[in-house]
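The values are calculated or read from the model by the stated rules, or taken from the named source; none is laboratory data. Not measured: the values here are computed from a predicted model. Here the Cβ positions follow ideal geometry from the backbone for every residue, glycine too, while neighbour counts run over all protein chains shown. For the accessible areas, the whole protein counts, side chains as well, though only heavy atoms, and no ligand, DNA or RNA atoms are used. Shrake-Rupley method; radii C 1.70, N 1.55, O 1.52, S 1.80 Å.
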Amino acid sequence: MTSVALIPFSTRLAEDHAAHIARGVTLELSDWLKARGADPLVLTSAQTDEDGAWRKLVSFADELSAETVTEFVTGLAREGENVSGEFNIAISGVVEPLFDSGSFDRGIKLIVTVTDIGGAFSRGRLVAEATQGTFRDEVPRLFKEIAGALGLNASSDYDPGTRHFQVWLNLLVTRALTLAAEVGAVPRDASGLYEPALQAANLDPACQAVRDRLGELCQVLVLERGFEAKDAAGALEKVMRKVGPDWKSHRVRGQLMLAAGDPSQAAKAFCQLIQGRYEAPAKADRQQAALLAGKAFNMAERHLEAQRVLRLAMDADSLKVEAIVESAASSAGLGELVVAERLWRRALELEPHSISARLHLARYFRARGDIEKATEHYSALVKLPGLPREVFADTAEFFVVNSRPEQALVAAERYADDYPGDAIAHVLHASALNSAGRHKRALAALEKAELCVGVGEMDDLVKRQRRFAEHPDAETRFRKLAGDALEGDALEAEVGLRQLLNQFEDFYEAQMFLGIVLRRQEKWEQARDVLEGLRARNPLPGIDKELTGIYSRLNQPAKVLECAKRAMEAAPEDPTLLTNYAAALLENDEVDEAMKYAQRADLLMPGDDPTRKLLELIELRMRKRGLIRNFRAVIKEATGWWKATRRKKQDDPEAT
């Protein structure tokens, strides 16, 4: 197999669009050579801006000589890059506009050089001129000549995938954007990332390649780089409507809808792959789609449907453990908690290193209040390799909240080591260090967080930990006052919290407990104003739960329902919040919905006295409603009979 080093083609045009086209041609050539039996490697280099904000791909502006190419390839090998001395051949090139137009829209001139690395000489300089009328002949001819210079058998021609030159250029740009996203060279504020693909679909609705290229770009941007999923899904749906869908595009759409928080649409997309018009051709793909559909149905709280589709995934040995985990999650959603726990334990027996099974068990015991068992599973999680970001964050947060500073520190250190570019990892590390009394190290961790992209979005967290590290006495005072606010001297706690807020006006947690202590003293209006002001600036967890009770005392049922719903949606597995929401629904005369959420709370926490009393009230209201409805039905029937009889008499005046 011929090993070939491919240097991204140069362009003298300074605009990004031109650089993307040049790099896209390089990638197309690489794929085509690989299909012909070569082993090409595109030598992609990226550099980071001075502020560390984002990376950008390195591009050349001029045609490279044989000496420059040789020096470049051998230099990478000396620097320890993933390039070895096995490369005997390198391909470089330059893309120029035709007709001196300063743009590639009317045509491009491709100049490709094949260089012998060992002798530092050119094996050939090949040229092609591609326009709307010639690109389908010129580009395949050029690729064939390159294959000939490499000694390859070009049994089939390169297929551009379209008959429109402008569409081909847009395909090249989309392909290059995917590469840029893979190496992190797309800035977070970039716009118009999907426009080339959308334009291509509008120009040539028969071009199926644009759908595939856009799907690849969406997957990288959303699933790997965390870009907005709704924008990507919207672009893909437009192209699917223009070009027509296939099973792969439905799979990508399902993944995007999951990332966008629309599990029902995701499940619908995955089910298309299991059977029907867009059924995936391979059984393994159908089984994978069944697993994803099961996850989506569980997220949409459609647990019976989840269990039905997961049966197909159970048949695949490679998916069996994940399918059992999801089946357990659906059982938990149906209130079958004993069954769920047994299935999660079964998944761990089959795969002791299953992250999802261990995480579900940890969260299950945490929700039940069994902190010791939850600690056991969270501790085991930290030791597993390849933990996702959200698992690290969940684990560290659990240990911090439950006053286990040493274990929190272990989890946070691993998170920061595995994901050094994540600001939240360093912030959690600082939090764990502060809790352990290691304030100087906490400040060093915060300095690392300040260098990460996206740290501005967690400015409040950084300020809190920096204040903790610089003024540990203030944190000690706050914790004592917080305890007093909950069950100590309320008046003394109020005075102390106000003093603390005078010293640190952005101490949002102190403001939260000020609202709580005002509520304890039944100063309802003051408590409402404090907490509503805090929610407008920093909606801390627990605010809506407090406001639910306060608005109930102020006799504002609509606001009670609004706050209870927000609190429940933030923690849908908390039975107390479910009970509060059910009570708010009952107060607003939504009896059927109140019964649904009260029953769900009773399943999660059987025997809870407030939930039991609420269920009795709902049942009483439903019985009264039933009597009223029956009475109304009788009155309606009697009125209808009387009207019919009266009409009959009017129609027959002689009737007596």
Can you tell me how many residues in the stretch 90-112 are touching a Lys or Arg at 6+ places or on another chain (Cβ under 8 Å), part of a strand (DSSP E or B) and open to solvent by 10 Å² or more (accessible area, probe 1.4 Å)? 2
Which residues, taken from the stretch 178-192, are open to solvent by 20 Å² or more (accessible area, probe 1.4 Å) and without any contact (Cβ under 8 Å) to a residue 60 or more places away in the chain? Glu182, Asp189, Ala190, Ser191, Gly192
Extreme residue, modelled with the highest pLDDT, among residues of the stretch 131-157 that are in a loop (DSSP other than H, G, I, E, B) and of a type in the set (Ser, Thr, Tyr): Thr134
Yes or no: Val239 over 25 Å from Arg106 (Cβ atoms), modelled with pLDDT under 95 and either crowded, with 18+ Cβ neighbours inside 10 Å or of a type in the set (Asp, Glu) (or both)? no
On the given criteria, is Leu273 part of a helix (DSSP H, G or I), touching a helix residue (DSSP H, G or I) at 6+ places or on another chain (Cβ under 7 Å) and surrounded by fewer than 17 Cβ atoms within 10 Å (Cβ to Cβ)? no
Does any residue of the stretch 592-607 turn out to be farther than 21 Å from Glu573 by Cα and either aliphatic (A, V, I, L, M) or modelled with pLDDT of 65 or more (or both)? no
Filter result (open to solvent by less than 10 Å² (accessible area, probe 1.4 Å), touching a helix residue (DSSP H, G or I) at 6+ places or on another chain (Cβ under 7 Å) and free of Cβ contacts under 8 Å to residues at least 60 places away in the same chain) within the stretch 121-159: Ala128, Ala130, Phe135
Residue list for the stretch 303-322, filter: surrounded by fewer than 17 Cβ atoms within 10 Å (Cβ to Cβ) and either part of a loop (DSSP other than H, G, I, E, B) or of a type in the set (S, T, N, Q) (or both): Asp315, Asp317, Ser318
Test: Val325 is over 16 Å from Glu573 (Cα atoms), among the β-branched types (Val, Ile, Thr) and open to solvent by 20 Å² or more (accessible area, probe 1.4 Å): no
Search result, residues across the stretch 247-263 that are closer than 18 Å to Arg277 by Cβ and open to solvent by less than 30 Å² (accessible area, probe 1.4 Å): Ser249, His250, Val252, Gly254
The listed residue being open to solvent by less than 70 Å² (accessible area, probe 1.4 Å), more than 21 Å from Ala571 (Cβ to Cβ) and either free of Cβ contacts under 8 Å to residues at least 24 places away in the same chain or among the aromatic types (Phe, Trp, Tyr) (or both), out of Ala266, Ala357, Ala282: Ala282
Scan the stretch 511-550 residue by residue and report those that are assigned to a helix (DSSP H, G or I) and open to solvent by 50 Å² or more (accessible area, probe 1.4 Å). Arg519, Arg520, Glu525, Gln526, Arg528, Asp529, Arg535, Ala536, Arg537, Lys545
What are the pairs with Cβ atoms under 9 angstrom where one residue, in the stretch 470-497, is surrounded by fewer than 17 Cβ atoms within 10 Å (Cβ to Cβ) and the other, located anywhere, is not in a helix (DSSP H, G or I)? Sequence gap at least six, or different chains. His471/Phe504; Pro472/Gly437; Ala474/Phe504; Ala474/Phe507; Lys480/Gly488; Leu491/Gln521
So for the stretch 136-147 (the condition being closer than 16 Å to Asp31 by Cα and touching a Lys or Arg at 6+ places or on another chain (Cβ under 8 Å)), does at least one residue qualify? yes
I'm told Asp589 meets every condition in (1) assigned to a loop (DSSP other than H, G, I, E, B); (2) within 28 Å of Arg466 (Cα to Cα); (3) open to solvent by 70 Å² or more (accessible area, probe 1.4 Å) except one. Can you identify the failing condition by its number? (2)
Looking at the stretch 13-50 only, could you name the residues that are part of a strand (DSSP E or B), modelled with pLDDT of 85 or more and either buried (at least 20 other Cβ atoms within 10 Å of the Cβ) or not aliphatic (A, V, I, L, M) (or both)? Asp39, Pro40
So, His429, is that one of a type outside the set (A, V, I, L, M) and over 28 Å from the mean Cα position of the chain (by Cα) or not? no
Among the candidates Ala408, Ala396, single out the residue that is touching a helix residue (DSSP H, G or I) at 6+ places or on another chain (Cβ under 6 Å), more than 20 Å from His353 (Cα to Cα) and of a type outside the set (D, E, K, R). Ala408
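How many residues does the stretch 161-173 hold that are in contact (Cβ under 8 Å) with a residue 60 or more places away in the chain and open to solvent by less than 20 Å² (accessible area, probe 1.4 Å)?
Here is the first cut: in the stretch 161-173, the residues in contact (Cβ under 8 Å) with a residue 60 or more places away in the chain are 166, 169, 171-173.
The next check asks that each one be open to solvent by less than 20 Å² (accessible area, probe 1.4 Å); those that pass are 169, 171-173.
Of the residues in that region, 4 qualify.
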